[in-house]
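Participant: Structure incoming, see below.
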Amino acid sequence: MAEPERRRLLLRNFLSPEICKELAFIHKSCCTIGYRPNVFSTTLSHLIATNSPHLIMPFVPIRERLKEKVEEYFGCEYELFVEFTGLISWCKGASIGWHSDDNRDHLKQRDFSAVCYLNNYEVDFLGGLFRFQDGEPSTIAPMAGDVVIYTADERNIHSVSEISEGERITLALWFSRDASHDEDANLLKSLSNCSLSSPVGSIASCFPVLASTNMYWFPPEEASRFQTGFNICSARLCTLGFDVCFSNNSDKESPFTTRDSCSINLKVLEEPLYLTCGDALLTREFVNILHALQVVQFYCWKASEFETAESTDTVSVPLSELQRQKITLLRAVLVKDLKLAETLIGRINSQRPLEERFRSRFSDVVSND
Ligand SMILES: O=C(O)CCC(=O)C(=O)O
Ligand SMILES: [Fe+2]
């Protein structure tokens, strides 16, 4: 008897909890506006473009393992190429109706799909169930480490139900048998440009560089006016209990004097800054807001390890009244709607900022690295 046709497979615990957390850290440090409403994304080309190519490393073995698994399970007699790799987070209000992944002319090269779940249904988010229109498994409740692989054609019509709370994070990959759609060729090209643009070994070559301001503004339709919504980097810092304070404007006018100048002056996010936390200014300077966000997110990722480390001298100073005023003004410009930010990217179960102990330990860690 002929074997039943293979069209999909759910792989439980394909990724370790550690790698899931690492990928979630990368996404929360680097993401920009995504391709659908209430979705944020981090592509590999974006990591290169923002001078963070080292963050591609964790993806390399996963892509290889998954490609081999797909080739083996679907009995491919040809080599597959990775067509796209990206971290995607689906926030409150995001969903996708019934579709197949090759359902547009420009997507016909997609032969197989893989969706890796990086956090947990009912713990990190509510809603966001994956469903196949027919056959088994019919419903998948995402759990960190699980991966679903399926053919990208109409044999796998699927949907994702609306996320009602929290941030659902995935790593999505598509595979093609068409070598002209090999993502690696483009990535290598951008990588070689990137390594040529800053002198090897220079300190500047280590720090992230922001993409265009518009890519960090939510909702994207507000990105030309910046009158409602939030800057993603500032909002992520705010929801963790941090504000920003710029280094070089202490004796100048605030960069945000009129509403109309906001779009131009958001360039200030590319300048050196300090983090503030409650009444304290942490004395470690960051080269730009992306650098600050990456360090804070790194700390959140590794917090449990730092918890046991010996505390060192305190490294924060009290805020002056002028700094306090500037921080309030900056927050009003960069995060116009903190409630919206907390709903979309804040933590489910606990909307409170980080605790005092966490904050002071964080300041020890960032000032001694
Ligand atoms: O995140 C998921 O579970 C699936 C996403 C999806 O169907 C897509 O991006 O095409
Ligand atoms: Fe899909």
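Participant: Does Ser113 count as buried (at least 22 other Cβ atoms within 10 Å of the Cβ), in a strand (DSSP E or B) and either acidic (Asp, Glu) or within 12 Å of ligand 1 (Cβ to nearest atom) (or both)?
Facilitator: Details: buried (at least 22 other Cβ atoms within 10 Å of the Cβ): yes; in a strand (DSSP E or B): yes; either acidic (Asp, Glu) or within 12 Å of ligand 1 (Cβ to nearest atom) (or both): yes.
Yes: the conditions hold for Ser113.
Participant: Identify all residues within segment 84-96 that are within 16 Å of ligand 2 (Cβ to nearest atom) and open to solvent by 50 Å² or more (accessible area, probe 1.4 Å); write none if there are none.
Facilitator: To start, the set of residues in segment 84-96 that are within 16 Å of ligand 2 (Cβ to nearest atom) comprises 84-90, 94-96.
Hit for segment 84-96 is Phe84, nothing else.
Participant: Regarding Ile203, is this residue modelled with pLDDT under 95 and over 30 Å from Glu342 (Cα atoms)? First the steps, then the outcome.
Facilitator: On the way: modelled with pLDDT under 95: yes; over 30 Å from Glu342 (Cα atoms): yes.
In short, yes.
Participant: Among the residues of segment 98-116, what is the count of those that are near ligand 2 (Cβ under 10 Å from one of its atoms) and closer than 19 Å to Phe130 by Cα?
Facilitator: 8
Participant: So Asn119 fits all but one of (1) within 12 Å of Arg168 (Cα to Cα); (2) among the polar types (S, T, N, Q); (3) without any contact (Cβ under 8 Å) to a residue 60 or more places away in the chain; what number is the exception?
Facilitator: Unmet for Asn119, out of (1) within 12 Å of Arg168 (Cα to Cα); (2) among the polar types (S, T, N, Q); (3) without any contact (Cβ under 8 Å) to a residue 60 or more places away in the chain: (3).
Participant: Criterion first (on the phi > 0 side of the Ramachandran plot, at pLDDT 95 or above and surrounded by 22 or more Cβ atoms within 10 Å (Cβ to Cβ)) does Gly135 satisfy it? Steps first, please.
Facilitator: Details: on the phi > 0 side of the Ramachandran plot: yes; at pLDDT 95 or above: yes; surrounded by 22 or more Cβ atoms within 10 Å (Cβ to Cβ): no.
Judged against the criteria, Gly135 is not a match.
Participant: Next up: Checking Leu126 against (1) surrounded by fewer than 18 Cβ atoms within 10 Å (Cβ to Cβ); (2) more than 11 Å from ligand 1 (Cβ to nearest atom); (3) under 19 Å from Phe74 (Cβ atoms), only one condition comes out false. Which one?
Facilitator: So Leu126 meets the others, but not (3).
Participant: Something else about it: Only one residue in Ile62, Ile88 is away from ligand 1 (no atom under 15 Å from the Cβ) and outside any loop (DSSP other than H, G, I, E, B). Which one? Can you show your working first?
Facilitator: Values: Ile88 fails: away from ligand 1 (no atom under 15 Å from the Cβ).
Testing whether each residue is away from ligand 1 (no atom under 15 Å from the Cβ) and outside any loop (DSSP other than H, G, I, E, B) leaves just Ile62.
Participant: Please work out which one of (1) of a type in the set (Ser, Thr, Tyr); (2) open to solvent by 40 Å² or more (accessible area, probe 1.4 Å); (3) touching a residue at least 40 places away in the same chain (Cβ under 8 Å); (4) outside any helix (DSSP H, G or I) is the condition Ser41 fails and give its number.
Facilitator: (2)
Participant: Is there a residue in segment 71-83 that is in contact (Cβ under 8 Å) with a residue 60 or more places away in the chain, within 16 Å of ligand 1 (Cβ to nearest atom) and either buried (at least 19 other Cβ atoms within 10 Å of the Cβ) or under 16 Å from the mean Cα position of the chain (by Cα) (or both)? Full working, then the answer.
Facilitator: Narrowing segment 71-83 to residues in contact (Cβ under 8 Å) with a residue 60 or more places away in the chain: 73-76, 78-83.
Cutting the leftovers down to within 16 Å of ligand 1 (Cβ to nearest atom) gives us 82-83.
Now restrict to residues that are either buried (at least 19 other Cβ atoms within 10 Å of the Cβ) or under 16 Å from the mean Cα position of the chain (by Cα) (or both): 82-83.
Checked segment 71-83: at least one residue is in contact (Cβ under 8 Å) with a residue 60 or more places away in the chain, within 16 Å of ligand 1 (Cβ to nearest atom) and either buried (at least 19 other Cβ atoms within 10 Å of the Cβ) or under 16 Å from the mean Cα position of the chain (by Cα) (or both).
Participant: For segment 52-70, how many residues are farther than 24 Å from Ser159 by Cα and either surrounded by fewer than 20 Cβ atoms within 10 Å (Cβ to Cβ) or not assigned by TED's automatic domain parsing to the domain that holds Thr151 (or both)?
Facilitator: Of all residues in segment 52-70, those farther than 24 Å from Ser159 by Cα come to 52-62, 64-65, 68.
Subsequent filtering for residues that are either surrounded by fewer than 20 Cβ atoms within 10 Å (Cβ to Cβ) or not assigned by TED's automatic domain parsing to the domain that holds Thr151 (or both) retains 53-54, 56-58, 60-62, 64-65, 68.
Here the count works out to 11.
Participant: Here is a follow-up. State which residue pairs qualify: first residue modelled with pLDDT of 90 or more and inside segment 258-283, second residue of a type in the set (S, T, N, Q) and open to solvent by less than 20 Å² (accessible area, probe 1.4 Å) in any location, beta carbons under 6 Å apart, and separation of 6 or more residues or different chains.
Facilitator: If the second residue must be of a type in the set (S, T, N, Q) and open to solvent by less than 20 Å² (accessible area, probe 1.4 Å), the pairs left are Glu270/Asn288; Leu282/Ser363.
Participant: While we're on this one: Give segment 144-168 a look and list any residue that's in a loop (DSSP other than H, G, I, E, B) and more than 12 Å from ligand 1 (Cβ to nearest atom), or say none. Let's see the steps before the verdict.
Facilitator: Step one: list which residues in segment 144-168 are in a loop (DSSP other than H, G, I, E, B), which gives 144-146, 152-153, 157, 161-162.
Ala144, Gly145, Asp153, Glu162, listed by residue number.
Participant: Read through the list (1) open to solvent by 40 Å² or more (accessible area, probe 1.4 Å); (2) under 16 Å from the mean Cα position of the chain (by Cα), then give the number of the only condition that Arg6 fails.
Facilitator: (2)
The values are calculated or read from the model by the stated rules, or taken from the named source; none is laboratory data. Values in this document were obtained by computation on a predicted structure and should not be read as measured data. FYI the Cβ positions are ideal-geometry reconstructions off the backbone, even for glycines, and counts take in every protein chain you see. For accessibility, only protein heavy atoms count, side chains too; no ligands or nucleic acids. Shrake-Rupley method; radii C 1.70, N 1.55, O 1.52, S 1.80 Å.
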